[in-house]
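K.L.:
First the structure, then my questions, so here it is.
The values are calculated or read from the model by the stated rules, or taken from the named source; none is laboratory data. Worth saying up front: this structure is predicted, and the values here are computed from it rather than measured. Here the Cβ positions follow ideal geometry from the backbone for every residue, glycine too, while neighbour counts run over all protein chains shown. Areas reflect the complete protein model, heavy atoms only, side chains present, ligands, DNA and RNA absent. Shrake-Rupley method; radii C 1.70, N 1.55, O 1.52, S 1.80 Å.
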2 protein chains.
Amino acid sequence: MAKIELAHGGGGRQTQELISRFFHHYLDDPEIRKLDDGAVIGDQVFSTDSYVVKPLFFPGGDIGKLAVCGTANDLAVMGAEPQFLSLGFIIEAGFDVADLGRILCSIRAAARRIGVRIVTGDTKVVEKGKADGLFINSSGIGRIRFPGGNRLGMDRMSEGDRIIVSGPLGCHGIAVWLARNEFRLQSRVVSDVAPLWPLIRSLLDFPITFMRDPTRGGLAQVLNEMASGGRHIGIEIDERQIPVSAAVRTVCDMLGFDPLVLANEGRVVVVVADAAAEAVLQTMRRHPLGRQARLIGRIVRGHPGGRVALRTTLGTERIIMPPVGELLPRIC
Amino acid sequence: MAKIELAHGGGGRQTQELISRFFHHYLDDPEIRKLDDGAVIGDQVFSTDSYVVKPLFFPGGDIGKLAVCGTANDLAVMGAEPQFLSLGFIIEAGFDVADLGRILCSIRAAARRIGVRIVTGDTKVVEKGKADGLFINSSGIGRIRFPGGNRLGMDRMSEGDRIIVSGPLGCHGIAVWLARNEFRLQSRVVSDVAPLWPLIRSLLDFPITFMRDPTRGGLAQVLNEMASGGRHIGIEIDERQIPVSAAVRTVCDMLGFDPLVLANEGRVVVVVADAAAEAVLQTMRRHPLGRQARLIGRIVRGHPGGRVALRTTLGTERIIMPPVGELLPRIC
């Protein structure tokens, strides 16, 4: 590895390697090494994400909505109520002020919907040709709301736990990708970008052991991180239960994409003790964002660095590997 | 204003206009409207800054040291001990991994020197030509350490308070600017980039009313923000007392720069009650970063939106206006 490549930002295996083999050589704080979506500081969670999505506007959202929801969701899946956000804008000279206004509008709308306060910010401008319109960083602080100081974590998952996904997969990845219009495909796919806290808040009283939003690298990445991050576990998934909309499946079939590696920005994977799984599923389904929630699999006995097995619709079994390569770059 | 221009990122009047007339139209949280270097949340301060400095390496530092010191300093001037930092990297494909390693090295060194923990991060990669090597966002959380919950603020400054600057001005701006090598000027100017908390910590027991680090827009910008943000005050500065190194003055004279608008990344402007000013000055001078600290002026009676008057070396008076235009772009 002599040069950074696009694949290092794809969220799959190369991203993990860059972070765990290279960044962690220099940055060795125990919190940063956990590879969670944020750091736990007392009863707070602190998280950061930069957004470089291309194009800036896409069906269902824009970079502003994404910047608010994405960081708020990182807090939410750590069990924290999003409270405070910062915004850092890097703007290319020549950027249209009207477009900036539209983006600020959706930032405001998304923040109000979640009830998060945008309390501090920064603006930098670089010369024309030195950025791609607009990049936004948002960092966030949330307060952990799980009762009794219950901490979520991969190390808390155990054999028999059930795995739930909150809704159809791949809408965000496909919507952004089609908005680039490189293939001039018509489709009704709309990004799923949405704030997860209102849904997650309704689950606080259940024996949930782990949550994660399947963004870059999709469900395949999250399941593989779970299998290798958990203690002597493996994962079994039932392909028939994985929710994918007909529109997303059509585009995937045409272009050879795998819905399991597509990015989502308003979906959550929930791991919960078997006995409570049905109740969690029903609770999620009563929420607009969880109406199509499905039980997709379970934690099984495994070994360190366990694997993810998919029971296919044909009844055969295949191993889901961590996604590799560029995938769809700049999806968030 | 139809397009964003470089001047909107310069830290001077256009930046203030973009923020206060445009951003604040959409983002109206009381904390963000204060135009402080960070938001006060209970006994914490939360701050963010993106770094787009060009070139990435310059005499005295690099973008990594800048990203750690800059955000930590924003916390420090709010009276908060820097505790936790996040880092968000936006990397252009093709970036040299060895350079990234050097930058991570100085990030680690700066964080250790301050005692701040880097607890969370994010990495995005964009295509070649869509960024300029590397941009870094750092956001930080600090804990307010002034005794008795004393809050610093422009509204706390009053007539008679003295103004101290901690060291010679303009080194950072000149060092970065010369490192671009556009004028092939030889100079020994080294950036002042440094963490201010160790110096500021020694001042906690004094009746300080306001602090600010004069970064983009330099001392001229900070003094004008003070004059317009304070309550019915004006500011008088004695030009003879403003510390500027001979090397910086030489470059300024050759190129027509004004040291008062140059960026600093390791200097602080301190406003303190008159009775304690001499003690604060002596305390600062015992610290390596404050050895050349100087009393440069005072808060005088004024009017809302007061002005900054400079008593020149010739005995005449001139008004220091907020800096305007592009100044030196991408200095941080």
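K.L.:
Using a Förster radius of 35 Å, what is the FRET efficiency between A:ALA275 and A:PHE183 based on their Cβ-Cβ separation? Nearest 0.05, please.
P.N.:
0.15
K.L.:
Another question about this same structure. Once each part is reduced to its C-alpha centroid, what is the distance from the stretch A:210-232 to the stretch A:35-108 in angstrom?
P.N.:
Answer, in whole Å: 22.
K.L.:
Could you tell me whether the stretch A:73-198 comes out rounded, prolate or oblate from its Cα gyration tensor? Rule is a ≥ b ≥ c as square roots of the eigenvalues, rounded for a/c under 1.5, then prolate if a/b exceeds b/c, otherwise oblate.
P.N.:
Oblate.
K.L.:
Using a 1.4 angstrom probe on the protein heavy atoms only, line up A:ARG267, B:ARG33 by accessible area, largest first.
P.N.:
Ranking A:ARG267, B:ARG33 by accessible area, largest first, yields B:ARG33, A:ARG267.
K.L.:
Using the Cα centre as the reference, give the magnitude of the dipole from point charges on the C-beta atoms of chain B (Lys, Arg: +1; Asp, Glu: -1; all else neutral), rounded to the nearest 20 debye.
P.N.:
600
K.L.:
Over chain B, with a Gaussian network built from C-alpha contacts below 10 Å, which listed residue (B:ASP155, B:ASP213, B:ASP29) shows the highest mean-square fluctuation?
P.N.:
Greatest mean-square fluctuation among the candidates belongs to B:ASP29.
K.L.:
I've got another one for you. Do the sum for chain B: with -39,500 (n - 2.57) for every DSSP H run of n ≥ 4, divided by all residues, what is the mean residue ellipticity at 222 nm, to the nearest 500 deg cm²/dmol?
P.N.:
-8000 deg cm²/dmol
K.L.:
Additional query: What is the dipole size for the stretch A:154-319, taken about its Cα centre, with +1 at each Lys and Arg Cβ and -1 at each Asp and Glu Cβ, in debye to the nearest 20?
P.N.:
Value, rounded to 20: 260 debye.
K.L.:
Rounded, prolate or oblate, given the Cα gyration tensor of chain B, with a/c below 1.5 counting as rounded?
P.N.:
Cα axes put chain B in the rounded bin.
K.L.:
Within a Cβ distance under 12 Å of B:LYS3, other residues only, what is the Lys/Arg minus Asp/Glu net charge?
P.N.:
-3
K.L.:
Here is a follow-up. Given H placed 1.01 Å from N in the peptide plane, which residues other than close sequence neighbours of A:LEU262 have an amide H under 5 Å from its amide H?
P.N.:
A:LEU219
K.L.:
Additional query: Taking A:LYS128 as the anchor, which lysines have their alpha carbon closer than 19 Å to its alpha carbon, excluding any fewer than eight residues away along the same chain?
P.N.:
A:LYS54, B:LYS3, B:LYS54, B:LYS128, B:LYS130
K.L.:
Something else: If the label for B:ARG113 sits 7 angstrom from Cα along the Cα-to-Cβ line, what are its distances to the same label in every other copy, in nm to one decimal, shortest first?
P.N.:
Taking the point 7 Å beyond Cα along Cα→Cβ, the inter-copy spacings are 4.4 nm.
K.L.:
Which shape class, rounded, prolate or oblate, goes with the stretch B:1-157 when its Cα gyration tensor gives a ≥ b ≥ c as root eigenvalues, a/c under 1.5 marks rounded, and past that a/b bigger than b/c marks prolate?
P.N.:
Verdict is oblate for the stretch B:1-157.
K.L.:
Go through A:GLU127, A:GLU317 and list them by solvent-accessible area, largest first, probe radius 1.4 Å.
P.N.:
Largest accessible area first, the residues go A:GLU317, A:GLU127.
K.L.:
Of the DSSP beta bridges with both residues in the stretch A:38-144, give the percent that are antiparallel, rounding to the nearest 5.
P.N.:
About 75 percent, rounded to the nearest 5.
K.L.:
What are the membrane-span-like helices in chain A by this rule: whole DSSP H runs, Cα extent along the axis at least 24 Å, mean Kyte-Doolittle hydropathy at least 0.0?
P.N.:
Membrane-span-like by this rule: A:97-114.
K.L.:
What distance in nm separates the simple spin-label points at A:MET321 and B:LEU314, each placed 7 Å from Cα in the Cβ direction?
P.N.:
Inter-label distance under the simple model: 7.6 nm.
K.L.:
Distances from B:PRO207 to the same position in the other copies: list them in nm, one decimal, shortest first, using label points 7 Å from Cα along Cα→Cβ.
P.N.:
Taking the point 7 Å beyond Cα along Cα→Cβ, the inter-copy spacings are 6.2 nm.
K.L.:
Ok, one more. May I ask you to derive the relative contact order of the stretch B:194-332, considering only C-alpha pairs under 8 Å and at least 6 residues apart, and to give it as an integer percent?
P.N.:
This gives 41 percent for the stretch B:194-332.
K.L.:
7 Å along Cα→Cβ for the label point: how many nanometres lie between A:ASP99 and each equivalent label in the other copies, listed shortest first?
P.N.:
Ordered by distance, the counterparts are at 2.6 nm.
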